[in-house]
1. When we measure straight from the Cα of K35, which aspartates and glutamates land under 18 angstrom away, once same-chain ones fewer than 8 places off are left out?
2. Filter K43/K134; K66/K163; K134/K163; K40/K130; K40/K163 down to the pairs with a C-alpha to C-alpha distance above 31 Å, please.
3. What trypsin sites (Lys or Arg not before Pro) does the range 94-148 have in DSSP loop regions with at most 13 other beta carbons within 10 Å?
4. Residue-wise, which Karplus ³J(HN,Hα) couplings in Hz belong to the range 156-162, taking 6.51 cos²θ - 1.76 cosθ + 1.60, θ = phi - 60°, and x for glycine or proline?
5. For a test of the definition: using alpha carbon positions, the gyration tensor, and the 1.5 limit on a/c, classify the range 19-157 as rounded, prolate or oblate.
6. Stokes-Einstein D for the range 49-109 at 4 °C, 1.567 mPa s, Kirkwood Rh over Cα pairs, in µm²/s?
Amino acid sequence: MNRSLRTIAAAMLLALYAPPVSAEEPPKFSDHRVKVYAGKHAKPRLDHEFWRDRGETYRWAMEDDKINAGGRFIVVILPCGSECQAPTFLDVRTGRITQFFTVSNWGDVPDEFEPVVSRADSRLIVFRGKRNEKGINGNHYYLIDDRGELKHVHTTDTGGDFKAALKAE
């Protein structure tokens with residue numbers, strides 16, 4: 001196989017296995033508005049030993065925290081190291097807890113840095129860093145569906161530099 005064909009084949013393989021990184025503008029919170037649930041909050045469903053061991057964290061979140069994502073979810077952050085967080089969703093309507101991936105590898109960041117950025121009245125949520133300590137170290141944009149599941153819509157590779165403000169407003 002000649003050199004140019006090998007180069008093309010290698011590029012095609014990289015394109016197939018690389019996570020999507022787009023040159024287009026990242027999504028904005030205001031483009032994904034949702035009505036914020038105002039009803040009674042359900043008790044957290046601690047139906048697994050892992051959740052029961054952290055039951056007080058979820059009960060406190062349900063009592064003290066306000067909805068801060070997707071119109072009906074509270075983002076509850078579980079620690080997983082000094083430069084690592086394990087975000088979970090607590091659905092205030094059903095009490096269901098959903099766990100995703102960890103975010104980490106921020107390095108030197110300003111005091112106001114938030115690894116998870118969300119809004120109560122938007123389906124958009126941004127995870128900043130590496131997901132499960134792998135892949136692109138950047139801003140990962142997702143949409144939250146009604147069940148609390150995530151759909152990846154955009155990634156911006158920051159190369160681990162999170163000093164600039166997040167441009168999702």
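What follows draws every value from the coordinates through simple rules; no lab data is involved. All values derive from a computational prediction rather than experimental measurement. All Cβ positions, glycine included, derive from the backbone under ideal geometry; neighbour counts span all protein chains shown.
1. D65, D91, D121, D145, D146, E149, E169
2. On the way: K43/K134 34 Å; K66/K163 27 Å; K134/K163 21 Å; K40/K130 35 Å; K40/K163 39 Å.
Check vs 31 Å cut-off fails for K43/K134; K40/K130; K40/K163.
3. Working: sites: R96, R119, R123, R128, K130, R131, K134, R147; in loops: R96, R119, R123, R147.
Loop-located and lightly packed - R147.
4. 10, 7, 9, x, x, 9, 10
5. On the way: a/c = 1.96, a/b = 1.30, b/c = 1.51.
Taking the square roots of the gyration eigenvalues as a ≥ b ≥ c, the range 19-157 is oblate.
6. Values: Rh = 12.3 Å.
Taking Rh from Cα pairs, D becomes 105 µm²/s.
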